[in-house]
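Everything below concerns the one structure shown next.
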Amino acid sequence: SSMKAGKWEKKKFMGVELFNKTLGIVGIGNIGSQVAKRMQAFGMNVIAYDPFLSEDKAKTMGVEKVDIRELFKRSDFITIHTPLTSETKYLINKKSLAIMKDGVRIINCARGGIINETDLYDAVISGKVAGAGLDVFEKEPPENNPLLSLDNVICSPHLGASTREAQENVAVAVAEQIVDYLIHGTIRHAVNFPSVPADQIARLQPYISLAEKLGGFASQMFEGGVTEITVEYRADAAQINTAPVTIAAIKGFLNPILLETVNFVNASVIAKERGIEVKETKSTDEGDYQSMIALRVKAKGTERYFAGTLFSKKDPRIICIDNFKVEIVPEGELLFLYNNDKPGVIGDIGTLLGKNQINIARMHFGRESQGGMAISVVSIDTHASPRIIDQIKKLPNILSVKQIRL
């Protein structure tokens, strides 16, 4: 607009170089990794935070894996490519902005609500943030948003996929999928159901549900950057069409962190982008169960094992966690505890939850040996607050507590 008005304001538009600056990428999936590749061409030092990014994958991409606090502290530019979840809601706020460098620049083309817009406005006005680029907003279209009035905040109306080519490709893909369903009866590329021929749906549905729940449970139990997930099928489970079931397990594993962006279409692609190798094994050995699915999850120096089966050929159960034999109904809110196998543990947990008006639906237990390490899984009717979790941790003989939602 300055040039169109006949002005020549070179001093007003003084910029900064990208060369040798540090770019912090929050979420390094498909889009984040493409941003990294392009910015490396400008000579930027790229650091990244992603809970699923392994060290090996980061090295392959030429980026440095860091935690979120270090990313905030070191970055000259921060770009966000993560979904909006309970963990990322207001990830950029007054507290995190205070950690950042003076003069940092922030770009959000992911989802509105990841940035607290009021806090960002205050940071731009104060000079803490030198500039921002926003394609998404907490309320769209934004109304009376003060960020739109700032010269050093560039805004666009959520244009991420607004190209003629993208719209044409989507239209063609939808038409092909409808034809495939009407002629062959195959559900293809549905985000809420895997690609399965119609005549297999009834048999596969219980296994798909079991695999997705097993993956979700394993994800919330596992810590660290995952490098490999092996889905094992035993006995009757080895005879089914395992491809959609494996996708369900991977979707279940990724979903607790990425939520809205993971579906049956892209789960395998997202796993590959994050350096997670997915394998399958099959065995006709029945063992103790007529049918069983297991997940072996590996990270550098760590491996964990989770197994499940179907009761009455339709009801999912988690039957093994590492060396512990259990029988867990995988649904709702669960408290997972490691504890010493001592008298009074169950009573203490029940009393504490009762005092906080939390009803226990079920309790499941497993132990390595009498008096040794044990696990307790408590199914509760309502979510336990962080305060209650801290109280449980302080109970006698409690070693650790995790809250899991399925």
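The values are calculated or read from the model by the stated rules, or taken from the named source; none is laboratory data. Worth saying up front: this structure is predicted, and the values here are computed from it rather than measured. Methodologically, a virtual Cβ is constructed for each residue, glycine included, from the backbone with ideal geometry; neighbour enumeration extends over all protein chains shown.
Below are the figures for this structure:
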{"item": "Top-ranked residue in the range 200-241 [being within 17 Å of the chain's Cα centre (by Cα) and outside any helix (DSSP H, G or I); ranked as nearest to Phe264 (Cα to Cα)]", "result": "Ile229"}
{"item": "Number of the condition not met by Asn20 [criteria: (1) closer than 19 Å to Gly133 by Cβ; (2) in the same structural domain as Ala110 (by TED's automatic domain parsing); (3) over 23 Å from the mean Cα position of the chain (by Cα)]", "result": "(1)"}
{"item": "Which listed residue, of Ser33, Ser2, Ser54, is closer than 21 Å to Ala267 by Cα, of a type in the set (Ser, Thr, Tyr) and at pLDDT below 90", "result": "Ser54"}
{"item": "Criterion violated by Ile28 - all others in (1) out of contact with any Leu (no Cβ under 8 Å at 6 or more places or on another chain); (2) crowded, with 22+ Cβ neighbours inside 10 Å satisfied", "result": "(1)"}
{"item": "Pair list, Cβ under 6 Å, 6 or more apart: the range 78-100 residue in the same structural domain as Tyr121 (by TED's automatic domain parsing) and farther than 13 Å from Gly32 by Cβ, other residue of a type in the set (Lys, Arg) and at pLDDT 95 or above", "result": "Ile99/Lys73"}
{"item": "Residue among Leu147, Leu134 that alone is touching a Phe, Trp or Tyr at 6+ places or on another chain (Cβ under 6 Å), closer than 24 Å to Pro83 by Cα and surrounded by 15 or more Cβ atoms within 10 Å (Cβ to Cβ)", "result": "Leu147"}
{"item": "Which numbered condition Asp285 fails, given (1) under 27 Å from Ile389 (Cα atoms); (2) more than 19 Å from the chain's Cα centre (by Cα)", "result": "(1)"}
{"item": "Search result, residues across the range 352-378 that are under 18 Å from Cys320 (Cβ atoms), assigned to a strand (DSSP E or B) and in contact with an Asp or Glu (Cβ under 8 Å, 6 or more places away or on another chain)", "result": "His364, Arg367, Met373, Ala374"}
{"item": "Tally, over the range 75-92, of residues that are farther than 21 Å from Ser156 by Cα and touching a helix residue (DSSP H, G or I) at 6+ places or on another chain (Cβ under 7 Å)", "result": "1"}
{"item": "Any chance Arg234 is charged (D, E, K, R), crowded, with 20+ Cβ neighbours inside 10 Å and modelled with pLDDT of 85 or more", "result": "yes"}
{"item": "Boolean, Lys342 is surrounded by fewer than 20 Cβ atoms within 10 Å (Cβ to Cβ), assigned by TED's automatic domain parsing to the domain that holds Gln391 and out of contact with any helix residue (DSSP H, G or I) (no Cβ under 8 Å at 6 or more places or on another chain)", "result": "yes"}
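Okay, residues lined up against (1) surrounded by fewer than 21 Cβ atoms within 10 Å (Cβ to Cβ); (2) modelled with pLDDT of 90 or more; (3) in contact with a helix residue (DSSP H, G or I) (Cβ under 9 Å, 6 or more places away or on another chain):
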| position | (1), (2), (3) |
| --- | --- |
| Ser219 | no, yes, yes |
| Gly224 | yes, no, no |
| Ile229 | no, yes, yes |
| Ile247 | no, yes, yes |
| Ile250 | no, yes, yes |
| Leu259 | yes, no, no |
| Ala267 | no, no, yes |
| Ala271 | no, no, yes |
| Val278 | yes, yes, yes |
